[in-house]
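Working notes, beginning with the structure itself.
The values are calculated or read from the model by the stated rules, or taken from the named source; none is laboratory data. Model, not experiment: these values are computed from the prediction. Don't worry about glycine lacking a Cβ; one is built from the backbone with ideal geometry, like all the others, and counts go over all protein chains shown.
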Amino acid sequence: MTQFADITLNGVRLQAWADGSLYWPDGQTLIVSDLHLEKGSSYARRGQMLPPYDSRATLERLDRALTGRAVRRLICLGDSFHDQGAADRLGGDERNALIALTEQVETIWIAGNHDPAPPPDFGGMVVEDLVEGGLVFRHEADTQTGWGEISGHYHPKAGLSAKGRRLSGPCFMEDGRRLIMPAFGSYTGGLSVLDPVYRPLFQTGFRVHITSRHGVLSVSEDRLRQSNRAEAGASARLLRR
Amino acid sequence: MEMLAVDGRGENALLIAPTGGGKTLAGFLPSLIDLAAAPDRNGLHTLYISPLKALAVDIQRNLTTPIEEMDLPIRVETRTGDTPANRRQRQRENPPHILLTTPESLSVLLSQPDSFDLFAGLQRIVVDETHALVGTKRGDQLALCMARLSRIAPDVRRIGLSATVAWPEELKAYIAPDADPGRVTTVNGMQAKQAEVRLLATDESLPWSGHYGLHAVPEIYREIQQAGTAIVFVNTRAQAELLFQALWHANEDALPIALHHGSLDRDQRRKVEAAMADGKLRAVVATASLDLGIDWAAVDLVVQVGPPKGVSRLIQRIGRAGHRLDVPSRAVLVPCNRFEVLECRCAIDGVAENTLDGDPPRPGGLDVLAQHVMTLACAGPIHPGEIFAEITDASPYADLPRDTFDAVLRYVEDGGYALKSYDRWKRLFHKADGTYEVSSPRIAQRHRMNIGTIVEEALLKVRMRGGGTLGEVEEYFANMLEPGDTFLFAGRMLRFEAIKDMAVIATAAQGTAPKVPAYMGGRMPFTTHLSDRVRHTLSDPSTWGGLPDTVREWLRLQQWRSVLPGDDGLLVETFPRNDKEYLVAYSFAGRNAHQTLGMLLTKRMERMGLGPLGFVASDYVIAVWSLKPARDFAALFDEDMLGDDLEAWMEDCSLMKRTFRNVAIVAGLIERRQPGQEKTGRQVTFSSDLIYDVLRRHEPDHILLQATRQDARGGLIDVGRLAEFLTRAKHGIRHRRLDRVSPLAVPILLEVGKESVYGDAEAQLFDDLARDLIDDAMNVDTQGGLPL
């Protein structure tokens, strides 16, 4: 396994990283999607006391993603804030971390369905979508277009069995034409790439790049389906090599 | 009659009797006499709690008949999750004399503010099948509910009904109002005659490996033919499906044989149970779904296919046959492989000596406590000191430290996080008088919908295209299916078509190679007692008389080729095979402890530079394979692996994540999916794994993580048994270096091969591998005769 997988999307070279971020070397741009900041407190408000550490954990991971790579610009593909009140609920440390972040790199907030109007308090620029260098950045994939489209929204995840071990996690999903990003937020669940919802978006198959602590694992749709079938018979455990 | 004497003295009673002894009705006798003497009495008099809804319904029928015949003015009603809302409302306003319910429904009743009025005049609590509840989360919940009932109605008397268990004092403490076993009088019902249990003799030679028992289908069928009515018990749902299918093929007389397991549609199960009660069936293939329940007088034979796992468990299953106390129960055990022969033989001896086994109940779960504290708060303001006194009257929580309770209370209040960021959204409002009350009616309402301690996997209904519902399968299984795949379900071969509206749509299929549902469950380890018996049998050839010839021969070969595992110490064999080094340890610590051991051993071997490649575990042994052979076994099996190594591994293992999810749901951190609000495909919720990761990182001592570790250590990770084993191993590891696989190691190595078995081609491959292994072990290259 490697720390990132090379992807060519509409002729543009990109890197899908194990931490769930996408790096565009020629544009010196880092792309993340669906941060869902303050999701925990959004549930707590309704009486479900999820641990209040999700924003902190997400921002720490984002900070790590920004170091070690030449990043001039950060694009957040929408649903950066879990709801309209999320920004007000951010703790002081997280608020400062976010401001420091936008001072460090040019930040573009793309509007999502959870945050149709991302708060302007933290710096950066808010846009509906962005077209640049053969790429289109938006929150939710558009079935009509597609060439070079990078979006989020669905939180794709995939599972794979190899040698008795099951590896599953959030994943990048792409067919060389369009790409859907995994969710970057700490509490974000996922929707299996085998769900029929994705079918209109990838009519001729797709590849997934599964993210994990150990690295990125790239597989084709066919291989993925095959592996999920073999799983039914698996009984022994094998160690990872 | 003794029941009445005990009750007459105002004592709490524990009635111990085998199933079918009429013990349930005996439990109601004092209530009926009381009620008959006071015909004008209003209000709830007796509460009956059963682990099964179906049992409550059946008891209602059995009680109503004598009540009507004697024309007594007694009203008996049931209340379960199936009771319609209007009847529930009426029951609260105008309660029956006797209410039959489940732990979950009782908890919901106690969350209502009017519970103080409803139970104020309660006289008796009758707990059925107590042995099946004690030591489980449902049992914890019931114990807490009973503590609350005793607080509302201090004079209420408790009657526990139970099968015999290995830990009678703990059982009495559970029934006692203040966890003091001295306050409960045991009443022993009539004992059943000694059961007749035997090992099935098969024509086929015994398989080396395998867990389905299909080799014995002709003999099982013959047993069914000769019996009046039989229950064929198996350990897993997958096995139930396969065996049922095979029996149906063998069913030349077209005997009425049915299938019963927990995944089948409720109506289907009811139909089978009714047909059984009416004597219309000759046999039913069942899982633990029939371990408890309605007595069927007609059952005269129990067939146990696969390992019995424990003597007490076997005695309870056998008790399902022969409901007349003057006729002995008859049972036949069908081992599916050679190790299981030993286990079956030992279990039969255990039954003959009536040595009961099974672990005593573990302390109550903190997640259940958290749920219950919220339940109490929903009923009215709670005072921490009073509630603590109340809950420590329940035996599972009798030893709970006050600071742990306070941490649970803080969790219920606002999540209990060190970072006090949720002050604004507290679920409990701290009043000036020192009590806590629920901060909004909406929170109470949502809590009531989430009451209960059974956490199920996400399930999908299985529906025939254009037809009815057959039952439910786990969602993860459904996700593995591709259109056109075939699988066995509800005794039929089905073809998967699609998932639609939260249901698996299937059509009837033909064919012989189905994909078997890989259900969860049924993987409980065998008891320590049975393990000791198996070890002893292995070590002492004079006890081999009752074993089939093939098994005796197998053991003799082991004696000759290697050595037999002894009563104490640990036998370790190592041998090369296909360019790999194998290590087989005869540890007999049960499947769960072995899984943990496997993870820890391989980690340690990695550090020793041995290049471990994998491991596989059964109840009896564990096999590890690596690039280089292990040499220092004392270091490998050193007890210190339970220190840092265990902690490091537990933190990140999937068992912990699964355990956390269950704890989080019971404690109310994550809500259950409610019917009708299932994810529509586009909406995704959060992942409990990610919450676990975040919590572990930022607050490793959080009360829910403590609860998770407590659960996991006792259950799937089974640290207790692993520790026992390592202590034993310390007193003598015997190592045998062999040039090839030993006869006793063949079964576990065959398990290794199974991992890639799928479809016909792999089945062929598997057969080849199996033959290869067996030849290797049995191949005798000297000219000398076998020491037979």
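From the set of residues in the range A:118-127 that are assigned to a loop (DSSP other than H, G, I, E, B) and at pLDDT below 85, which is surrounded by the fewest Cβ atoms within 10 Å (Cβ to Cβ)?
If we take residues in the range A:118-127 being assigned to a loop (DSSP other than H, G, I, E, B) and at pLDDT below 85, then A:PRO119 is surrounded by the fewest Cβ atoms within 10 Å (Cβ to Cβ).
Matching residues to (1) under 30 Å from B:GLU169 (Cβ atoms); (2) modelled with pLDDT under 95; (3) in a helix (DSSP H, G or I):
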{"site": "B:GLY385", "(1), (2), (3)": "yes, no, yes"}
{"site": "B:ALA389", "(1), (2), (3)": "yes, no, yes"}
{"site": "B:ASP399", "(1), (2), (3)": "yes, no, no"}
{"site": "B:THR404", "(1), (2), (3)": "yes, no, yes"}
{"site": "B:VAL408", "(1), (2), (3)": "yes, no, yes"}
{"site": "B:TYR411", "(1), (2), (3)": "no, no, yes"}
{"site": "B:GLY416", "(1), (2), (3)": "no, yes, no"}
{"site": "B:LEU419", "(1), (2), (3)": "no, yes, no"}
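(1) part of a strand (DSSP E or B); (2) at pLDDT below 80; (3) aromatic (Phe, Trp, Tyr): which one isn't true of B:PHE429, the others all being true?
(2)
Among the residues of the range B:139-166, what is the count of those that are under 14 Å from B:GLY27 (Cα atoms) and out of contact with any His (no Cβ under 8 Å at 6 or more places or on another chain)?
5
Assuming B:ILE315 fulfils every condition listed in (1) under 30 Å from B:PRO743 (Cα atoms); (2) surrounded by 24 or more Cβ atoms within 10 Å (Cβ to Cβ) apart from one, which condition is it?
Here B:ILE315 meets the rest and fails (1).
Given (1) surrounded by fewer than 19 Cβ atoms within 10 Å (Cβ to Cβ); (2) among the β-branched types (Val, Ile, Thr); (3) within 14 Å of another protein chain (Cβ to nearest Cβ), identify the lone condition not met by B:VAL412.
(1)
Residues of the range B:146-200 being under 27 Å from B:SER329 (Cβ atoms) and in a strand (DSSP E or B), which ones?
B:ILE159, B:GLY160, B:LEU161, B:SER162, B:THR186, B:VAL187, B:ASN188, B:GLU196, B:VAL197, B:ARG198, B:LEU199, listed by residue number.
Could you list, in sequence order, the residues of the range A:1-35 that are without any contact (Cβ under 8 Å) to a residue 40 or more places away in the chain and acidic (Asp, Glu)?
Once the filter is applied, which keeps residues that are without any contact (Cβ under 8 Å) to a residue 40 or more places away in the chain and acidic (Asp, Glu), the range A:1-35 yields only A:ASP6.
For A:LEU62, which of the numbered conditions (1) within 14 Å of another protein chain (Cβ to nearest Cβ); (2) among the hydrophobic types (A, V, I, L, M, F, W, C); (3) within 14 Å of the chain's Cα centre (by Cα) fails to hold?
The single condition A:LEU62 does not satisfy is (1).
Restricting attention to the range A:9-42, which residues are within 14 Å of chain B (Cβ to nearest Cβ), buried (at least 24 other Cβ atoms within 10 Å of the Cβ) and at negative phi?
Residues satisfying the conditions are A:SER33, A:LEU35, A:LEU37, A:LYS39, A:GLY40, A:SER41.
Quick check, is B:PRO66 over 28 Å from B:ALA132 (Cα atoms), exposed (fewer than 15 other Cβ atoms within 10 Å of the Cβ) and of a type outside the set (Asp, Glu)?
no
Can you work out which of the residues in the range A:173-210 that are in contact (Cβ under 8 Å) with a residue 24 or more places away in the chain and part of a helix (DSSP H, G or I) is surrounded by the fewest Cβ atoms within 10 Å (Cβ to Cβ)?
So, considering only residues that are in contact (Cβ under 8 Å) with a residue 24 or more places away in the chain and part of a helix (DSSP H, G or I), the one surrounded by the fewest Cβ atoms within 10 Å (Cβ to Cβ) is A:PRO200.
So which of B:LEU597, B:LEU571, B:LEU555 is part of a helix (DSSP H, G or I) and more than 14 Å from every other protein chain (Cβ to nearest Cβ)?
B:LEU555
Would you mind listing the strands (runs of 3 or more DSSP E) fully within the range B:281-373 where at least 3 residues are in contact with a Lys or Arg (Cβ under 9 Å, 6 or more places away or on another chain) and closer than 25 Å to B:ASP253 by Cα?
The strands (runs of 3 or more DSSP E) meeting that bar are B:301-305, B:330-334.
What are the residues in the range A:153-172 that are modelled with pLDDT of 90 or more and either surrounded by fewer than 24 Cβ atoms within 10 Å (Cβ to Cβ) or within 12 Å of another protein chain (Cβ to nearest Cβ) (or both), if any?
A:HIS153, A:TYR154, A:HIS155, A:PRO156, A:LYS157, A:PRO170
What number of residues in the range B:539-568 are in contact with a Gly (Cβ under 9 Å, 6 or more places away or on another chain) and modelled with pLDDT under 90?
2
Look through B:ARG631, B:ARG604 and report the one residue that is surrounded by fewer than 21 Cβ atoms within 10 Å (Cβ to Cβ) and not in a helix (DSSP H, G or I).
Being surrounded by fewer than 21 Cβ atoms within 10 Å (Cβ to Cβ) and not in a helix (DSSP H, G or I) holds for just one of B:ARG631, B:ARG604, which is B:ARG631.
I need a count of the residues in the range A:22-34 that are in a loop (DSSP other than H, G, I, E, B) and more than 12 Å from A:VAL71 (Cα to Cα).
2
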